[in-house]
Amino acid sequence: LYILHFMNLDSSSTVPDLLSIFHEQEMTETVHETNGHGYLGTFVGKNGWLAILRVHSHGLVTVDLQCYEEDDFAQVDNLLNALESKLKVILNGNITRIKRLPALVRGAEVDRYWPTTDNRLVEYDMDQLVYEEDSAFQNIKILHSQQYGNALILDNDLNLAESDLAYTLAIMGSGRENYTGKEVLILGGGDGGILSEMVKQKPKMVTIVHIDQKVIDACKKYMRGTCGNILDNLKGDCYQILVEDCVPVLKKYVQEGKTFDYVINDLTAIPISMEPEEDSTWEFLRLILDLSIKVLHPSGKYLTQGNAENMTESLGLYEEQLGRLSCPVGFSKEVVCVPSYLEQWVFYSVWKK
């Protein structure tokens with residue numbers, strides 16, 4: 001799907017001239033009713049191409065040209081070039097802006113389009129579906145990107161790519177924390193990225209609690225650029241991976257009075273609103289936050305991701321939750337560019353006052 005759009009200051013006189021362009025290409029015109037709101041026409045060529053011309057009364061003109069991937073792209077490009085050139089002549093420079101977009105690829109074997117947090121559409125260079133399976137908890141995909149390596153996608157949400165060491169280091173405190181000889185609890189983290197970096201600092205013990213064995217297995221095989229060989233075994237000299245729901249585990253630790261020097265929450269991003277469909281996620285995050293603070297050593301820290309930097313309302317809601325905990329806490333935040341996210345991402349460090 002190729003898209004051309006421009007702003008014309010006098011759309012009322014534009015339609016007849018635009019029609020001539022398509023007629024010259026021997027495309028058959030069908031006019032559609034718009035109830036007086038400009039012009040809408042579809043044009044079908046002998047080669048099967050479909051063009052849609054929309055002229056809005058306020059001056060915006062859009063041209064969509066649809067063709068199949070096996071069509072002659074040089075011929076398509078020539079048509080678009082001719083269309084642009086003739087538009088400039090016909091309209092005699094009476095255009096405020098003209099923009100031609102690269103082709104949008106529909107129906108490809110691998111989906112390359114993923115929205116950012118604020119619903120901007122981003123096209124990735126995903127070229128291969130490496131792995132896909134439904135677990136008891138979620139849909140798991142691993143797609144290959146030429147720029148970012150393999151990328152883990154859970155329920156159609158891009159979680160982490162092999163390029164994203166910046167994410168892992170940021171959620172660990174960006175080098176400001178010393179994990180040597182410390183007790184660390186990681187909630188989530190089934191991709192193995194945090195654990196792989198953590199063991200390099202020789203902690204006393206790292207406990208990962210991750211609910212989905214299939215995520216661990218998939219990352220162990222296909223995300224080795226992130227986890228290395230750390231997921232090959234569920235136990236090591238200074239770590240253990242518990243394949244369990246973290247909530248009952250946290251509650252057990254609270255009852256036992258067990259504490260950790262660090263709790264790292266890598267479960268889920270902060271919801272973007274307080275809408276009803278996201279309320280359950282907020283309740284889950286509040287529960288995890290409260291339990292995590294209870295198992296945190298008095299001098300310890302709770303580290304977590306937040307959301308995209310421009311989701312200010314969402315981040316503000318989370319910071320309100322920090323002020324409602326059973327004990328007073330302080331917090332700081334850091335903004336880091338995560339390569340595959342194509343967004344500035346916020347990370348939090350929380351401690352007891």
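The values are calculated or read from the model by the stated rules, or taken from the named source; none is laboratory data. Here the structure is a predicted model, which means the values were calculated and not measured. So basically every Cβ, Gly included, is an ideal-geometry build from the backbone, and we count neighbours across all protein chains shown. Quick note on the areas: whole protein, heavy atoms, side chains included, nothing else; ligands and nucleic acids left out. Shrake-Rupley method; radii C 1.70, N 1.55, O 1.52, S 1.80 Å.
A few points about this structure:
- The stretch 142-183, subset surrounded by fewer than 19 Cβ atoms within 10 Å (Cβ to Cβ) and of a type in the set (A, V, I, L, M), residue nearest to Cys219 (Cα to Cα): Leu165
- For the criterion of being β-branched (Val, Ile, Thr) and not in a loop (DSSP other than H, G, I, E, B), Val110 fails.
- Residues in the stretch 210-238 that are over 24 Å from the mean Cα position of the chain (by Cα) and under 17 Å from Thr168 (Cα atoms): Asn229, Ile230, Leu231.
- Filter result for Asp64 (exposed (fewer than 14 other Cβ atoms within 10 Å of the Cβ), within 15 Å of Ile3 (Cβ to Cβ) and out of contact with any Ser or Thr (no Cβ under 9 Å at 6 or more places or on another chain)): no
- Residues (open to solvent by less than 40 Å² (accessible area, probe 1.4 Å) and among the hydrophobic types (A, V, I, L, M, F, W, C)) located in the stretch 24-61: Met27, Phe43, Trp49, Ala51, Leu53, Val55, Val61
- Residue match in the stretch 176-187 (condition: in a strand (DSSP E or B), among the aromatic types (Phe, Trp, Tyr) and under 25 Å from Lys258 (Cβ atoms)): no
- If you go through the stretch 197-216 and pick out every residue that is more than 18 Å from Ile142 (Cα to Cα), out of contact with any Asp or Glu (no Cβ under 9 Å at 6 or more places or on another chain) and assigned to a loop (DSSP other than H, G, I, E, B), you end up with 1.
- Per-region count, the stretch 334-353, residues loosely packed, with under 15 Cβ neighbours inside 10 Å and either more than 16 Å from Arg120 (Cα to Cα) or outside the structural domain of Ser292 (by TED's automatic domain parsing) (or both): 3
- Within the stretch 283-310, the residues that satisfy the criterion of being more than 18 Å from Ile171 (Cα to Cα), touching a residue at least 12 places away in the same chain (Cβ under 8 Å) and not in a strand (DSSP E or B) are Phe284, Arg286, Leu287, Asp290, Leu291, Lys294, Val295, Asn310.
- Some residue of the stretch 13-36 being within 37 Å of the chain's Cα centre (by Cα), at pLDDT 85 or above and either of a type outside the set (Lys, Arg) or not assigned by TED's automatic domain parsing to the domain that holds Asn78 (or both): yes
- Residue match in the stretch 160-173 (condition: closer than 30 Å to Met205 by Cα and touching a Lys or Arg at 6+ places or on another chain (Cβ under 9 Å)): yes
- Matching option when the condition is within 28 Å of Gly192 (Cβ to Cβ) and either open to solvent by 70 Å² or more (accessible area, probe 1.4 Å) or assigned by TED's automatic domain parsing to the domain that holds Tyr167 (or both), among Leu322, Leu285: Leu285
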